[in-house]
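Undergrad: Got a structure for you, questions after.
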Amino acid sequence: MVLHYIMNSYDPALVHGAFKLASKPLLPCWIIACLFPRAKATRVAMLLMQAVLAVLYMWQAISFVFAPAPPGVPGLLGSSYVLAKQDLTLPGIVNFFHGAADHQIAAAWQHYLAFDLFVGWAIARDAEIVGISKLIVAPCMFFTLMLGPNGSGMYLLAKLALGKFGGPGAALF
């Protein structure tokens, strides 16, 4: 019954509301993660935000899996587009997203938001544990938010340059 409701609950206003719900609280979460990475309030905020993103993502991902395929695209489960044979080349992935609906793009975006926030929080916690200045960590977190792996790569390079790998209690290496 729940699955039936989710599969048939596509409403553009609901999708846009969910997108705003997932996006609006992110900046405050990033700020408190950067300033107070190991505080109890930060932990509560991060876990709550991850839970919100997970619920929204699951709802949109389920509707994504069971979304009707574009005309001429055969699906493996009914008319499911995502379960159709996909071309996993770059042009195939671009074509896949060109045919996506708002809720499908919102689900992909929430996927990025959830992982980037989790990685940013791990960076901030690790940096505080091993004693890396927030002035060094802040740009790494900004680039993690904006460019994902580039920010985490910057942090790992900074940690290497500062000789902070393998410290007691370090969360990342």
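The values are calculated or read from the model by the stated rules, or taken from the named source; none is laboratory data. Since the model is a prediction, treat every value here as computed from it, not as a measurement. Heads up, the Cβs are rebuilt from the backbone with ideal geometry, glycines too, and the neighbour counts pull from every protein chain shown. With ligands, DNA and RNA removed, areas are computed over all heavy atoms of the protein, side chains included. Shrake-Rupley method; radii C 1.70, N 1.55, O 1.52, S 1.80 Å.
Undergrad: Test of understanding: what is the full-extension gain from F118 to L27, defined as 0.36 nm times their sequence separation minus their Cα-Cα distance?
TA: 31.4 nm
Undergrad: Let me ask something else about it. Just how much of V119 is accessible, in Å², when a 1.4 Å probe is used and the result is rounded to the nearest 10?
TA: Counting only protein heavy atoms, V119 exposes about 50 Å² to solvent.
Undergrad: With every protein chain present, what accessible area does K134 have (1.4 Å probe, heavy atoms only), rounded to the nearest 10 Å²?
TA: Its heavy atoms expose roughly 80 Å² to the probe.
Undergrad: Tell me the Kirkwood radius of the range 101-149: reciprocal of the mean inverse pair distance over distinct alpha-carbon atoms, in Å.
TA: 11.6
Undergrad: Separate question: Take the Cβ-Cβ distance between A54 and H98 as r, set R0 to 35 Å, and report the resulting FRET efficiency rounded to the nearest 0.05.
TA: The computed FRET efficiency comes out at 0.85.
Undergrad: Efficiency by 1/(1 + (r/R0)^6): what FRET value for H111 and S133, r their Cβ-Cβ distance, R0 = 35 Å, to the nearest 0.05?
TA: On the way: r = 31 Å, r/R0 = 0.89.
Efficiency computed from Cβ-Cβ geometry: 0.65.
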